[in-house]
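Comments concern the structure below.
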Amino acid sequence: MLKSKTFLKKTRAGGVMKIACGGAHEGPVLEPQPLDPASSLCPQPHYLLPDTNVLLHQIDVLEDPAIRNVIVLQTVLQEVRNRSAPVYKRIRDLTNNQEKHFYTFTNEHHRETYIEQKQGENSNDRNDRAIRVAAKWYNEHLKKMSAENQLQVILITNDRKNKEKALEEGIPAFTCEEYVKSLTANPELIDRLACLSEEGNEIESGKIIFSEHLPLITTRHKIWYIPSRNIRASRENYLEATIILQGLKNLNRAVHEDIVAVELLPKNQWVAPSSVVLHDEGQNEDDVEKEEETERILKTAVNEKMLKPTGRVVGIIKRNWRPYCGMLSKSDIKESRRHLFTPAEKRIPRIRIETRQASALEGRRIIGHFVKNLGEVGDKETETEVLLLEHDVPHQPFSQAVLSFLPKMPWSITEKDMKNREDLRHLCICSVDPPGCTDIDDALHCRELENGNLEVGVHIADVSHFIRPGNALDQESARRGTTVYLCEKRIDMVPELLSSNLCSLRCNVDRLAFSCIWEMNHNAEILKTRFTKSAINSKASLTYAEAQMRIDSAAMNDDITISLRGLNKLAKILKRRRIEKGALTLSSPEVRFHMDSETHDPIDLQTKELRETNSMVEEFMLLANISVAKKIHEEFSEHALLRKHPAPPPSNYEILNLEVKTDTAKSLADSLDRADSATFPYLNTLLRILATRCMMQAVYFCSGMDNDFHHYGLASPIYTHFTSPIRRYADIIVHRLLAVAIGADSTYPELTDKHKLADLCKNLNFRHKMAQYAQRASVAFHTQLFFKSKGIVSEEAYILFVKKNAIVVLIPKYGLEGTVFFEEKDKPKPRLIYDDEIPSLKIENTVFHIFDKVKVKIMLDSSNLQHQKIRMSLVEPQIPGISIPIDTSNMDISEPEKKKKKLEK
């Protein structure tokens, strides 16, 4: 038994703190008279005491405003923390919400409720007993406190044996379902209950679809040819995942990111990655035969060299489920409570959920099993919420605990702030950013020194001055990892007071910065480098266009313009030198929307125009990042946070269909430079766009956990991120490392713990990847809005990929990519001949190759409300029965009449 009334705890700073506990602790202070929803099972005032599994699986119920007055035991909280970090975070949020009245009780440190594990008793049984002991003690304790009020503590457990034992010991106990159904005033809570029934084989029309999963102990101990791994479904083909697992049966109920046990199939059953693009034909299809037909289409005759190891899922070791957004398709069966839920994420299969609110939810976005009604399908706010949830972007308002660590306003630089800091407010510093930018991370200056050399400075917002290690503001910034930029809104990593005000390097205000300053000659060769914390006062906040106008205007010769010209001249030399060393110049079509000032709907869509000033800023940001990377690695060889870009395997370049040398970035760059055509000037741009697709993802890593630092794309032996701390948490860590390296700040244990740094890098890499996906989803949605108002348009396009049943094209005018299908549902199938070696696709007498120029019609296809999409059809070359006539009238492909009538109801 725990006999000591104190225990020792290690602090964040590395010290030891003595914590008092034990006999004096009498449990949390509870409300004398809790206000409960009316329960038919327990009409008198009561508190709920859930066990671990209820907290883990029924957190959606507990978060409902109707559920209050809950006691969370230390035993339960510790188990939840070990088993699910996301649920643990949600429980901590509930305990911090004063309106919910969730209380924590450290029963493991209380002399009346602490118990020791009995001989032969497993840890689960011991913890169940500890929960019953605490519930019994609480009921006795409350009787002594308020005998006249008849307060009760009710144990909520879905464990049949635990409930039976509790009732035998005189403890009121119910299952979660029993209690929720007793809340007659809140029938909607029933829809929030998670179904915990065992997974069985899916039965469809009396036919077993899936083979049974092997028991967990078998999948853990049997040696498979392929080890268990996370399943990653293909974004283009939801019935195919990398191993290969192809088809519904071989996926065997596994979904994206599940950890599965896989059995390797015999070689005669191996397949190649499919060259077929799947049609998304609607949300109401629930026909296994159609799925089987789709799988048959995927299996094509291919060259034996293209076959890949193929397997089937035989067991699911760990589910990676999360809340899924989607739409409900109401069952045609009258009074049915089971309806088809189609997730917004195409890689997640359709499922049946139970709800009594199907009529009210049809045509709306929900989180299922029905947890929350997000709003009307197609509504901008609703769709933005969906894409943020689907890509796991933290976007809740900052909590009071986080906001409490912000500086008090009005704020100004004090004498204390200037300690270990240079005053550079006299310098002619300016910032250059996109129009409308309010989170200004960086500013620049260039001036001539008395010795004839040039001084160039990159000044970065000193966010680490305001966000100190370990506090709630720091923890929330680390969790978010990055600012997410959508078309119409920005999801900040740090509160707005910092992002758009105190940290933003706006003009004509004093701001704290971290400066990287070089002395260069006029050939952009670095003679000296120094780093310093500083105070600056930017003299101008310019857009790229305004800065370019100053550089180009012969009439302007003020200090800011002279500084910009000096920077631009040096930047051109730096860029040329980088490219000579092998840095890649790739291409990616970026688009900009012009919004209506009142409706905020997109009224124009254009590819972004890049100027010399874009390149100017980029060159000095790259130079600063490389300089800082070298410095922090010199000082912290085992603990530097760096960024690397692995070299792609040669097989990645097969999509280019050209002979390219890829042993070094320089070889690839030279190959791309040589691939030019006087008659087809856009060819080189297309090649660079495709070469970008061949690249591996750049990632953060800890220098002590890896020995490959090289950044392939930049052809740099070392690299990091230093220049954007307002929007990237990695940069904040790099600032802290650099500050310690130059003696401007003190270290702390986590900063030099390479294992914790590696864990942080893992989260940052995930957050950056999800932010990219969310940004692309936002562009896709606003593109749909644009073409919804514009109707059908015809534009020239170039073929990027040739597939067995379609071509994938790029429209340069809009930077838009789409698929032109040649097989339509309910239409005669044309004669298609696909050659996977060239590759080419012959339709009737017309042959399509990569980079061919075509003309397509673009329209919004709203026939599937869940997955509205841009649809493209061939106009030229003219192929009878395939091409759309040029004189097609302006029209919209809208939802079928049947669906319209349903929605009108």
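The values are calculated or read from the model by the stated rules, or taken from the named source; none is laboratory data. Everything quoted here is computed from the prediction, not taken from an experiment. Neighbour counts are summed over all protein chains in view; Cβ atoms, including those assigned to glycine, are modelled from backbone coordinates with ideal geometry. Areas reflect the complete protein model, heavy atoms only, side chains present, ligands, DNA and RNA absent. Shrake-Rupley method; radii C 1.70, N 1.55, O 1.52, S 1.80 Å.
Looking at ILE71, ILE59, which one is open to solvent by less than 40 Å² (accessible area, probe 1.4 Å) and at pLDDT 90 or above?
Numbers: ILE59 fails: at pLDDT 90 or above.
It is ILE71.
Condition first: among the β-branched types (Val, Ile, Thr), open to solvent by 10 Å² or more (accessible area, probe 1.4 Å) and over 21 Å from VAL432 (Cα atoms). Now tell me which residues in the stretch 486-531 satisfy that. Spell out the reasoning first.
Step one: of the stretch 486-531, the residues among the β-branched types (Val, Ile, Thr) are 491, 494, 509, 517, 526, 529.
With the extra rule that they be open to solvent by 10 Å² or more (accessible area, probe 1.4 Å), the set shrinks to 491, 509, 526, 529.
Result: ILE491, ILE526, THR529.
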Give ARG727, ARG693, ARG688 a once-over and let me know the one that is touching a residue at least 60 places away in the same chain (Cβ under 8 Å) and within 24 Å of the chain's Cα centre (by Cα). ARG727
Of the residues in the stretch 38-56 that are more than 34 Å from the chain's Cα centre (by Cα) and crowded, with 18+ Cβ neighbours inside 10 Å, the one that is nearest to ARG160 (Cα to Cα) is LEU49
Hey, can you tell me all the residues within the stretch 116-128 that are surrounded by fewer than 18 Cβ atoms within 10 Å (Cβ to Cβ) and closer than 20 Å to PRO50 by Cβ? SER123, ASN124, ASP125, ARG126
Starting from the stretch 123-140, keep only residues that are under 17 Å from VAL70 (Cα atoms), then list their pairs with residues that are in a helix (DSSP H, G or I) and open to solvent by 40 Å² or more (accessible area, probe 1.4 Å) whose Cβ atoms are within a distance under 7 Å, requiring at least 6 positions of separation or different chains. ARG132/LYS165
Regarding LEU841, is this residue crowded, with 17+ Cβ neighbours inside 10 Å, farther than 23 Å from LYS608 by Cα, modelled with pLDDT of 90 or more and out of contact with any Leu (no Cβ under 6 Å at 6 or more places or on another chain)? yes
Any idea which of (1) under 20 Å from THR720 (Cα atoms); (2) over 25 Å from the mean Cα position of the chain (by Cα); (3) open to solvent by 20 Å² or more (accessible area, probe 1.4 Å) is the one ALA665 doesn't satisfy? (3)
Can you tell me which residue within the stretch 365-398, out of those that are at pLDDT 70 or above and among the polar types (S, T, N, Q), is farthest from the chain's Cα centre (by Cα)? THR382
Within the stretch 389-413, can you find the residues that are among the polar types (S, T, N, Q) and without any contact (Cβ under 8 Å) to a residue 24 or more places away in the chain? GLN396, GLN400
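Condition check ((1) surrounded by fewer than 21 Cβ atoms within 10 Å (Cβ to Cβ); (2) under 30 Å from LEU605 (Cα atoms); (3) at pLDDT 95 or above) across all residues:
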position	(1), (2), (3)
LEU737	no, no, yes
PRO749	yes, no, no
ALA774	no, yes, no
THR783	no, yes, no
TYR798	yes, yes, no
Mind checking which pairs have a first residue in the stretch 545-574 that is surrounded by fewer than 16 Cβ atoms within 10 Å (Cβ to Cβ) and a second that is acidic (Asp, Glu), Cβ under 8 Å, 6 or more apart or different chains? LYS572/GLU612
Can you tell me which of (1) over 20 Å from GLU63 (Cα atoms); (2) at pLDDT 75 or above; (3) open to solvent by 70 Å² or more (accessible area, probe 1.4 Å) is the one ILE429 doesn't meet? (3)
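Answer yes or no as to whether ARG550 is more than 21 Å from ASN451 (Cα to Cα), under 37 Å from the mean Cα position of the chain (by Cα) and among the basic types (Lys, Arg).
Values: more than 21 Å from ASN451 (Cα to Cα): yes; under 37 Å from the mean Cα position of the chain (by Cα): no; among the basic types (Lys, Arg): yes.
Here the answer is no, as ARG550 does not meet what is asked.
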Looking only at helices (runs of 4 or more DSSP H) that lie completely in the stretch 159-234, which have at least 1 residues being modelled with pLDDT under 50 and over 30 Å from ALA130 (Cα atoms)? 216-221
Checking the conditions here, which among ARG356, ARG312, ARG337 is on the phi < 0 side of the Ramachandran plot, of a type in the set (Lys, Arg) and either crowded, with 18+ Cβ neighbours inside 10 Å or at pLDDT 70 or above (or both)? ARG312
